[in-house]
1. Using 7 Å Cα-to-Cβ label points, what is the Thr658/Arg299 separation (nm, one decimal)?
2. In whole Hz, with x marking every Gly and Pro, tabulate ³J(HN,Hα) for region 111-128 from phi via Karplus 6.51 cos²θ - 1.76 cosθ + 1.60, θ = phi - 60°.
3. What FRET efficiency would be calculated for the residue pair Ala400, Glu625, taking the C-beta separation as r and a Förster radius of 30 Å, to the nearest 0.05?
4. Say R0 is 30 Å: what FRET efficiency, to the nearest 0.05, do Arg485 and Ala241 get from their beta-carbon distance?
5. 5 Å is the cut-off here: which amide hydrogens, built 1.01 Å from N in the peptide plane, fall below it relative to Gly71, excluding neighbours closer than 5 in sequence?
6. Largest first, how would Ser596, Ser416 line up by accessible area (1.4 Å probe)?
7. Which whole-Hz ³J(HN,Hα) couplings does region 50-63 yield from phi under the Karplus relation 6.51 cos²θ - 1.76 cosθ + 1.60, θ = phi - 60°, glycine and proline marked x?
8. For region 199-332, rounded, prolate or oblate, judged on the Cα gyration tensor with a ≥ b ≥ c (square roots of eigenvalues), a/c < 1.5 rounded, else prolate if a/b > b/c?
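The values are calculated or read from the model by the stated rules, or taken from the named source; none is laboratory data. Quick caveat, the model's predicted, so the values are computed rather than measured. Here the Cβ is made from the backbone with ideal geometry for all residues, glycine too, and neighbour counts use every protein chain on show. In case anyone asks, the SASA skips ligands and DNA or RNA and just uses the protein heavy atoms, side chains included. Shrake-Rupley method; radii C 1.70, N 1.55, O 1.52, S 1.80 Å.
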Amino acid sequence: MRASRWVGWLGMLCCWCAGARAQFLGGGGSKDAPTISLRPAFDTPGGRVTPTVPCDRWLPFVVEVGPGDGGGIISISYRQDATQRTTILTPFAATPGRTVRLPVYLSLPAYVDEIDVSMQGRTSAGKGFSVRETLGGFGGDGSGRFVPLMTGTSASLVLWCGRTSLAEASLVDPRRTGRSAGATFGSLEPDALPLTPMGYDACAGLVIRPGALRGAGEPAKRAVREWVAAGGRLVLVCEDAGSDWMSWVPEGVAQRLVDLAEPQGVDLGGMLSSAPLRDRSLPARPVRLLPEGEASGWRVDWLSGGTALAASGPAGLGIVTILGADPTSLLDPRDEERRADGLDRLWVDALAEGVGDVETGGSLDEPGMRGSIGLRYLGVSSGANDAERNAVASTLDGLAQAPALGRGVFWGIGLSMLALVLLLGPVDYFVLKRLGLRHRSWITALGWIGIASGAAMIVPGAMRSGNSQLTSTRFTDVLIDGTQRQGWSTGYLGIFSGAPMNPRFTQGPEDGWWRGVSGLSDRGQRAALKPLMLLQSGASCEPVPGDRVSPMPMGLWMFRTVMEQSRPAETPSVRVSRAIDEWDVTIEGLPEDVRSVSINVHWSDAEATGRIAPAAGGKASLTIEAGGRSQTPGGGVLDSPGPGTGLRTDAMRRRVRTGRWALVELTYETENGPYGLSERVTTRHREVVRALVRLADDEGASQ
């Protein structure tokens with residue numbers, strides 16, 4: 001009777017808990033909760049082939065919240081690398097009778113296996129609701145809800161915006177020419193343009209028709225300009241009259257580098273003799289290089305009778321291509337086969353000049369691959385290609401400075417095992433025999449084993465020593481042109497917990513974009529670290545200053561690695577002049593505690609190296625002899641893609657080849673880096689700066 005009473009009470013308790021949970025979640029009513037979905041912000045050609053996009057790059061997505069009443073938090077979670085997950089948090093507010101679209105940015109790993117999308121909130125009446133959606137990747141259960149993109153290594157993405165259809169993009173197949181291969185083409189609607197430069201992080205190139213985007217807001221244009229200045233590659237199709245194109249390029253391009261004439265009749269027979277032109281003379285906008293453009297490495301293309309209709313060259317640390325004619329409008333649509341070949345030739349020339357030869361990406365066939373290959377167990381280390389993965393792994397290895405276990409730990413383990421053997425054997429035998437309690441030996445054995453197990457959990461932590469540490473390496477590229485300065489940095493951080501702690505960043509870039517990173521390649525095991533939680537605002541999608549990274553719980557002797565990308569607040573000032581056989585290099589703004597600076601200077605086809613100890617005030621100047629000729633114009637450093645630096649190498653190389661710019665690479669270490677934690681840690685920072693500097697003798701000509 002008593003047992004049945006306890007069973008009844010237990011059942012009532014379970015029913016009460018279930019009812020309370022249902023009340024919190026909205027009374028069991030999905031009718032109170034809006035729907036939620038996640039999709040890329042750009043469209044790709046349909047079909048049986050899933051498009052492949054670069055992994056470990058920020059991609060623009062859209063969260064669609066269905067009509068409803070209330071607000072709360074949206075959480076997007078996925079496995080970032082072999083050690084940790086990433087959780088993106090963004091606030092939302094549902095609207096009755098209307099679908100709300102919120103931009104978010106995800107940096108997905110290679111072969112992402114699933115993305116968890118959840119929503120928690122309350123209605124205006126105070127009812128709570130919760131919705132969860134899981135998007136399975138390749139190797140999933142084939143339920144139909146899957147990640148709409150394939151993230152792969154060595155993939156390329158080219159985005160189009162402004163009167164560009166996917167049908168047109170599908171005609172531009174670089175594989176037909178043999179010059180490029182594997183690009184995925186996507187189309188962006190004007191209202192889907194990212195409002196932050198990191199929204200284009202995954203783009204090998206962006207094609208824009210300014211005439212069709214006159215209604216675009218200044219935040220969208222500013223994001224494109226900042227992305228180009230930081231290393232992005234932009235192609236502008238400027239067939240329409242007007243100066244709208246100037247608002248999409250960094251400052252100085254239109255005023256100092258190129259001149260774009262208004263539309264006029266141009267004889268195109270010399271440029272497209274084998275293509276079916278709509279007419280021999282068609283409206284186009286000739287492009288002319290200004291003296292500063294020639295000095296900065298710009299060049300013209302699409303020549304016809306001495307008239308150029310295309311120009312390309314460095315802008316900031318990126319590359320801009322300006323087309324004075326729209327390839328689509330030049331060709332006769334009635335000759336489909338020859339028109340397709342002509343479009344191929346024109347677009348591939350434009351993309352190869354501005355975007356470069358994209359790398360092979362490849363795609364997977366959905367019906368043949370889904371559910372048949374367990375890609376959820378296929379893991380690669382962080383990095384979008386082989387060179388970047390190797391560079392990231394090498395950098396992270398340099399951050400790992402965890403103290404080694406002393407010999408005392410191993411002696412302690414051995415002595416503890418010997419003591420347990422003695423307690424279970426001779427001690428128990430003689431003591432219990434004397435007390436006449438040998439029949440109770442099973443109790444003492446359990447006791448000794450329990451004590452030993454507890455000691456095994458407590459003693460190693462007490463014997464481990466070493467301070468918590470924050471080690472970091474930051475790679476910064478900066479262009480210095482007189483008083484103008486443009487730069488971008490990629491930082492890698494390693495956090496070692498000498499004791500359990502819950503650190504948060506108290507010092508770092510306010511506009512930084514953070515994510516986890518790892519040199520390990522096995523994602524089959526459970527992530528050892530707690531998820532890295534990042535906050536993005538649903539309005540502008542800029543990281544929220546001061547709270548972009550939530551506290552990161554870490555247990556005893558854990559090592560966590562993260563990375564950030566941002567515009568550097570401060571960089572050393574560099575000035576370079578060259579005599580016949582020597583360099584004069586002046587550096588200012590170095591940290592006070594820097595003891596030594598390694599310097600490599602590259603100019604045209606020559607190189608020079610040196611090392612100096614800065615004077616008081618963080619200043620350094622030296623004269624070094626010019627070394628031998630470099631086998632590669634621009635210097636060997638340009639041919640070694642480091643983490644976060646390869647994107648800007650082409651623009652640097654073009655400027656250095658003109659002989660009017662020098663590339664100065666600075667490497668130094670300091671104890672006071674740009675990052676700080678809320679916990680007490682010892683810090684060590686290594687800075688690698690690539691400064692692209694206009695030669696001092698040439699500065700006057702550029703003003």
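1. Here the modelled spin labels are 1.4 nm apart.
2. 6, 4, 8, 6, 10, 9, 10, 9, 9, 10, x, 9, 7, 5, 7, x, 7, x
3. Once rounded, the FRET efficiency stands at 0.20.
4. Computed FRET efficiency for Arg485 and Ala241 comes out at 0.30.
5. Under 5 Å from the amide H of Gly71: Ala94, Arg122.
6. Ser416, Ser596
7. My calculation for region 50-63 gives 7, x, 9, 10, x, 8, 6, 9, 5, 10, x, 10, 10, 9 Hz in order.
8. Since a/c reaches 1.5 and a/b is larger than b/c, the shape of region 199-332 is classed as prolate.
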